[in-house]
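The values are calculated or read from the model by the stated rules, or taken from the named source; none is laboratory data. Note that the coordinates shown come from a computational prediction; the quantities given were computed from them, not determined experimentally. Backbone-built Cβ (ideal geometry, glycine too); neighbour counts: all protein chains shown. With ligands, DNA and RNA removed, areas are computed over all heavy atoms of the protein, side chains included. Shrake-Rupley method; radii C 1.70, N 1.55, O 1.52, S 1.80 Å.
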Amino acid sequence: MINEMKADLIRITIERQIPLKREIGMNPYNKLLSRILSGASDANISFIEMCKLLIELGFNERIRGSHHIFTKDDVEEILNLQPKGAKTKPYQVKQIRRVILKYKLGDQNE
C-alpha cells in the first residue's frame, strides 16, 4: 500500500512536468476552465490537470501525503484535494467551481 502511494506520487510528479495536451483553437487552460464552469463533467476531470489549473490561477500548492492543499492570498478558502484514481473527486470540482465564481478567477481581464 505504501509503495503504491509512493509510486502514485512519483507518477504525479512526472506527469506534472509534461505540458497539458494542446487542442487546436482553444488552449487547455481555457478548455478545462470552461468544462469546470459548465458543471457537465464533474466526475471526469483529470486530477493532474486540475492541479495545473489551480497553479495557473495563482494558487500555491503544498503536498502532505495524498493531500494537495492549495492556498491563495486573496482567497479565504483552502482547497484540500485528494485524487480518486487519476480523477478529481466530483465534490471537490464543485468546491473549486464555487471558489472560481466567487472570486472571479480565470477572467481574461485580471
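A few comments on the model shown:
- Search result, residues across region 42-61 that are among the polar types (S, T, N, Q) and within 19 Å of V75 (Cβ to Cβ): N60
- In region 54-110, residue surrounded by the fewest Cβ atoms within 10 Å (Cβ to Cβ) [restricted to those that are outside any helix (DSSP H, G or I) and touching a residue at least 60 places away in the same chain (Cβ under 8 Å)]: G65
- Within region 27-50, residues that are over 17 Å from Q82 (Cβ atoms) and free of Cβ contacts under 8 Å to residues at least 60 places away in the same chain have Cβ atoms under 8 Å from residues that are part of a loop (DSSP other than H, G, I, E, B) and open to solvent by 70 Å² or more (accessible area, probe 1.4 Å) in these pairs: P28/K21; P28/R22, counting only partners at least 6 apart in sequence or on another chain.
- Residue list for region 39-53, restricted to those being farther than 14 Å from P90 by Cβ and open to solvent by less than 40 Å² (accessible area, probe 1.4 Å): I48, C51, K52, L53
- Region 15-38, subset surrounded by fewer than 16 Cβ atoms within 10 Å (Cβ to Cβ) and closer than 24 Å to T71 by Cβ, residue modelled with the lowest pLDDT: Q17
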